[in-house]
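S.K.: Please find one structure pasted underneath; my questions will follow.
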Amino acid sequence: MDFQQKKTGRQQPKIEHSHQTYRDLLMLSKLRSYWEYGSTFWGMEITIVEGEEKCFGVTAKKKHGEFTDLEFLQFSSITDVDKNFSNKQHCFLAINSDKVLIKSVPAQESDTKTVSSAFPGLSLTDFYYEILKTPKSSSIAICRKDYVQDILNELEKQKINVLGFHLGITSLQSLAPLFKKEKVNLPRFLIGVEEKNIKNIVPNENYSETIYELEDIKVASEYLVSLAMLFSYTGANSNSSNNFGEENKNLFRLHQEKVFFKKGMFLGVGLLLVSLLVNTFFFNSYFKKEQQLNEELVFMESQQNGMEVKLVAVNKKEQLVDHILNSGTSKSSFYLNKIVVLKPSSIGFSDIKYQPLNKSIRPDKEIEYSQNSIVISGESKDKADFSKWIIDLGKLKWVEKVSVVHYGNVDKNHSAFSITIGIKNDSKN
């Protein structure tokens, strides 16, 4: 997890994802994120500063899988939040006012025993709880359900969709590995950090604003919890448990339904327009495709006829070569047959030379020719077929190597080529 800062007039930190995914799934993840959240993300905390209830928020954009353009905001009360945001904005919320009680106790066998150890006789019918589990202890935050519901209702009136909420400072665990100090100063609590985990939580009687440097970004202490809430969008696990999981699921489901209704309607209209355009161009495209296939069929038939004529000529030349070489070890016919068998119909031969002459024959000069070599020239209709043919030739056991001497366009439908096939000295069938 990295924090980066843009070089502008003010701090523009950037938070990189720590999750590594396959490239083919990354695009799907980006599309899903944009569908559900858009491009603006918001973490918010309701807490107490100097005896007054205040709200602190951190907004961010998401670009290339990273949170960027962080903005830190403060509100005088929960009723003033919508003045800084457009309608239908969403957020993850941390409720950390004086209505939330927090205690630390030794870890117990179950959540129920942990809550009973911290708050004996607590009625879970009336209270929500959240337990932050650390290696050495558990911190339990509790709050009345009706108080939480009042906050959610107020934000809903302001058309702010709460995707989920946490109690106390549970979400701060996601930032714990970045703190360089052992004590973290918050408006309500003084947090002890040890070995990248929250160790203990005690009331903060002498709070004063503190600036913390998280890698290369500076964050005031009032915004630490709301900054940590941003990581709820990534599915980060704070190692906590609670009894309001279903409530959070319902909040998120309600948000998804609103998104689907809004964006699904626009998507449906868009798909309808696209389908009309497809129907408009379908028959024209089909006609062009059929015409192209007919042209290819004529070309293939022409090439096949030409191939038959050239094959006769090749056979005659092969007999002539056998006669000239007068050697029982000559395998020119075998080689040429193998080459012809592998040839695609889109390729036509114009010239085949087995052990071609290096120089013109002169009466006073020794005949020089390339041993163990075949030179083939011709035309190709399909570059992909030609490339595959070259690869297939290279796989023959008796072939040393295949070299493309020339390949260039004759016109828009034909390409001329010339290749040299090297034959192994000890080639076998």
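S.K.: Please enumerate the residues belonging to the range 197-250 that are among the small types (Gly, Ala, Ser) and either over 26 Å from residue 73 (Cβ atoms) or assigned to a loop (DSSP other than H, G, I, E, B) (or both).
M.R.: Quick first cut of the range 197-250, residues among the small types (Gly, Ala, Ser) only: 208, 220-221, 226, 228, 232, 235-236, 238, 240-241, 245.
208, 235, 236, 238, 241, 245 - these are the residues of the range 197-250 that are among the small types (Gly, Ala, Ser) and either over 26 Å from residue 73 (Cβ atoms) or assigned to a loop (DSSP other than H, G, I, E, B) (or both).
S.K.: Could I ask something else about it? Within the range 160-185, which residues are assigned to a loop (DSSP other than H, G, I, E, B), without any contact (Cβ under 8 Å) to a residue 60 or more places away in the chain and not aromatic (Phe, Trp, Tyr)? Reasoning before the result, please.
M.R.: Here is the first cut: in the range 160-185, the residues assigned to a loop (DSSP other than H, G, I, E, B) are 168-169, 179-182.
If we keep only those that are without any contact (Cβ under 8 Å) to a residue 60 or more places away in the chain too, we end up with 179-182.
Across the range 160-185, the qualifying residues are 180, 181, 182.
S.K.: Restricting to the range 186-196, what's the tally of residues that are in a loop (DSSP other than H, G, I, E, B) and among the hydrophobic types (A, V, I, L, M, F, W, C)? Even if it seems obvious, please write down each step before you answer.
M.R.: First, pick out the residues of the range 186-196 that are in a loop (DSSP other than H, G, I, E, B): 186-188, 195-196.
When the remaining residues are screened for being among the hydrophobic types (A, V, I, L, M, F, W, C), the result is 186.
The total comes to 1.
S.K.: Separate question: Of the residues 267, 230, 272, only one is over 19 Å from residue 39 (Cα atoms) and modelled with pLDDT under 90; which?
M.R.: Among 267, 230, 272, only 272 is over 19 Å from residue 39 (Cα atoms) and modelled with pLDDT under 90.
S.K.: Still on this structure, I have one more. Need a quick list: strands (runs of 3 or more DSSP E) entirely within the range 1-81 having at least 1 residues that are surrounded by 14 or more Cβ atoms within 10 Å (Cβ to Cβ), polar (S, T, N, Q) and at pLDDT 60 or above. Please lay out each step first, then the result.
M.R.: Working: elements: 3-6, 12-16, 40-49, 52-63, 66-75.
Qualifying strands (runs of 3 or more DSSP E): 40-49, 52-63, 66-75.
S.K.: Can you tell me which of (1) among the β-branched types (Val, Ile, Thr); (2) modelled with pLDDT of 80 or more; (3) over 24 Å from residue 375 (Cβ atoms) is the one residue 309 doesn't meet?
M.R.: Of the numbered conditions (1) among the β-branched types (Val, Ile, Thr); (2) modelled with pLDDT of 80 or more; (3) over 24 Å from residue 375 (Cβ atoms), the odd one out for residue 309 is (3).
S.K.: Taking only pairs six or more apart or across chains, which ones have beta-carbon atoms under 8 Å, a first residue in the range 273-296 that is within 25 Å of residue 413 (Cα to Cα), and a second residue that is surrounded by 10 or more Cβ atoms within 10 Å (Cβ to Cβ) and at pLDDT 75 or above?
M.R.: Pairs found: 296/381.
S.K.: While we're looking at this one, here's another question. For residues that are part of a strand (DSSP E or B) and not small (Gly, Ala, Ser), scanning just the range 82-95, find the one that is modelled with the lowest pLDDT. Spell out the reasoning first.
M.R.: Taking the range 82-95 as the starting set, the residues that turn out to be part of a strand (DSSP E or B) are 89-95.
Right, trim to not small (Gly, Ala, Ser) and you get 89-93, 95.
Details: 89: 81, 90: 87, 91: 88, 92: 92, 93: 93, 95: 94.
My answer is 89.
S.K.: Residues of the range 96-116 being under 30 Å from residue 222 (Cα atoms) and either modelled with pLDDT of 95 or more or not charged (D, E, K, R) (or both), which ones?
M.R.: Filtering the range 96-116 down to residues under 30 Å from residue 222 (Cα atoms) leaves 96-107, 111, 114-115.
Passing the criteria: 96, 97, 100, 101, 102, 104, 105, 106, 107, 114, 115.
S.K.: Mind checking which pairs have a first residue in the range 97-117 that is under 27 Å from residue 204 (Cβ atoms) and open to solvent by 30 Å² or more (accessible area, probe 1.4 Å) and a second that is part of a helix (DSSP H, G or I) and not β-branched (Val, Ile, Thr), Cβ under 6 Å, 6 or more apart or different chains?
M.R.: Filtered contacts from the range 97-117: 99/147; 103/118; 108/117.
S.K.: If you go through the range 297-308 one residue at a time, how many are under 16 Å from residue 413 (Cα atoms) and touching a residue at least 40 places away in the same chain (Cβ under 8 Å)?
M.R.: Taking the range 297-308 first, the residues under 16 Å from residue 413 (Cα atoms) are 297-303.
Narrowing the set further to residues that are touching a residue at least 40 places away in the same chain (Cβ under 8 Å) leaves 299-300, 303.
The qualifying residues number 3.
The values are calculated or read from the model by the stated rules, or taken from the named source; none is laboratory data. Nothing here was measured: the structure is a model prediction, and the numbers come from that model. All Cβ positions, glycine included, derive from the backbone under ideal geometry; neighbour counts span all protein chains shown. Heads up: the accessible areas ignore ligands, DNA and RNA and are worked out on the full protein's heavy atoms, side chains in. Shrake-Rupley method; radii C 1.70, N 1.55, O 1.52, S 1.80 Å.
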